Amino acid sequence: MTLVIEKAKEVGFCYGVRRAIEILEKAAHEHGGVETLGAVVHNEQVLQRLAKLGITVVKSVDQIRGKVVAISSHGVSPEVEDRLRASGLIRVDTTCPFVRRAQIAARRLAESGFYVVIYGDAGHPEVKGILGWAGGKGLASLEAGSLGSASGGLPRRIGVLSQTTQIPEHFTDFVRKLVESALTRDAEIRIIDTICHDIRKRQAVSLELAKTVDLMLVVGGRSSANTRRLTELCASVTATRQIETAENIDASWLKGKRRIGVTSGASTARETIDEVLAGLEALRKKG
Ligand code: SF4
């Protein structure tokens, strides 16, 4: 039986990651090196390639040893921006415009008297940054159910946003639950859809492909939130494996399969995807 391998229409770097890497490469070329505050992308292969160009990662402002610091595509809070401004270092800002949009939405909501609720992972750098733009008047959660009872309940005026990489349908569910619990308190709720267009499209084409195959391979970093969500989405309709590189493919996964789909997270380089496709092709030939 012939094994068909199909690649999703949207793979490789998203707009924000491509833009961030271009800015960093230019800065490293100009200044001889750049330290990024946190990983610029959650993908080990990409970070290793960037390190060879002099683009390295530091965990905090105190660890910076060079003269150039970069803010990652995930963005930071205004406090961290102020600290970097005061540090005298050369600053390179690669905050993705979609993340900036969410940051500005959080600030406007907070300034208008809304308590900001972010549908997202509270530990993720992007979410921490957006919360900072809400000036401490907000929280992040993936569970709407617990919010009504947590810390004495939510204020009456609530502004709702999403982490840019969340699954749109899950955000809708979150909002629905929040509305249900808040409507008993004469609430005012403002909802702003801050899910990134690139992620929305990537999720849609990957899901379409997943519906037509017996196995989906999602290529991306283990710590990449958007890759994990893509895996979760594809796994809802077919057998799915998340891999980082071609070396992670287990030949036994292909047994009895007729169609295999390949997609990737937003921080996966095209070369890594091409290597996965070549690895699958080699296994197919072996039969
Ligand atoms: S996934 Fe979307 S929000 Fe995140 S960096 Fe890429 S384009 Fe920007």
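No value in this document is a laboratory result; all are computed from the given coordinates. Model, not experiment: these values are computed from the prediction. We place every Cβ from the backbone using ideal geometry, glycine too, and count neighbours over all the protein chains shown.
Under the convention that each Lys and Arg Cβ holds +1 and each Asp and Glu Cβ holds -1, the size of the dipole of segment 137-287 around its Cα centre is about 200 debye. Net charge dipole, the chain: roughly 280 debye, given to the nearest 20, about the Cα centre with Cβ charges of +1 for Lys and Arg and -1 for Asp and Glu. Across the options I71, A27, A86, the greatest Cα extent toward the positive end of the charge dipole of segment 1-98 (unit charges at beta carbon of Lys, Arg, Asp, Glu) belongs to A27. What the pair-distance distribution of segment 223-264 shows, using all Cα-Cα distances binned every 5 Å from zero, is 5, 19, 31, 27, 15, 3, 0 percent. Bins of 10 Å, beginning at zero and ending with the bin holding the largest distance: percent of Cα pairs per bin for the chain, please. All Cα pairs considered, the percentages come to 6, 26, 28, 23, 12, 3, 0. Extending 7 Å from Cα along the Cβ direction at V179 and again at V57 yields two label points whose distance is 3.9 nm.
Think of it as helices only: each DSSP H run of n ≥ 4 in the chain is worth -39500 (n - 2.57), and spread over all residues that comes to -13000 deg cm²/dmol at 222 nm. Annotation: peptides 47-56, 67-76, ranked by per-residue average of other Cβ atoms within 10 Å with the highest first, follow the order 67-76, 47-56. Residues in segment 211-229 near a label at V237, defined as backbone nitrogen under 16 Å from the 7 Å Cα→Cβ point? Under 16 Å, as judged by backbone N against the label point of V237, lie 211-218, 229 of segment 211-229.
Cross-link partners of K9 among lysines, defined as those whose alpha carbon lies under 28 angstrom from its own and excluding same-chain residues fewer than eight positions apart: K201, K211, K255, K257, K285, K286. For segment 98-191, the dipole from Cβ point charges (+1 on Lys and Arg, -1 on Asp and Glu) about the Cα centre works out to 360 debye, to the nearest 20. I need the calculated FRET efficiency for the pair N248 and E143, taking r as the beta carbon distance and R₀ as 30 Å, to the nearest 0.05. E(calc), rounded to 0.05, equals 0.45. If R0 is 45 Å, the Cβ-Cβ spacing of A122 and K255 corresponds to a FRET efficiency of close to 0.65. The relative contact order of the chain comes to 22 percent, based on Cα pairs under 8 Å that sit 6 or more residues apart. Rg and Dmax of segment 98-191, based on Cα coordinates, read 12.0, 33 Å. Loop-located trypsin sites (Lys or Arg not before Pro) in segment 120-173 (DSSP state other than H, G, I, E, B) with a sparse environment of at most 14 neighbouring Cβ atoms within 10 Å: R156.
A P(r) calculated from all alpha carbon pairs of segment 1-149, with 5 Å bins opening at zero, reads 2, 9, 17, 18, 17, 13, 10, 7, 4, 2, 1, 1, 0 percent.
With a Förster radius of 35 Å applied to the C-beta separation of I90 and R270, the computed FRET efficiency comes to 0.70. Treat segment 15-96 as a sphere of radius equal to its Kirkwood radius over Cα pairs and apply Stokes-Einstein at 20 °C in a medium of 1.002 mPa s; give the translational diffusion coefficient in µm²/s, rounded to a whole number. My calculation gives 173 µm²/s for D.
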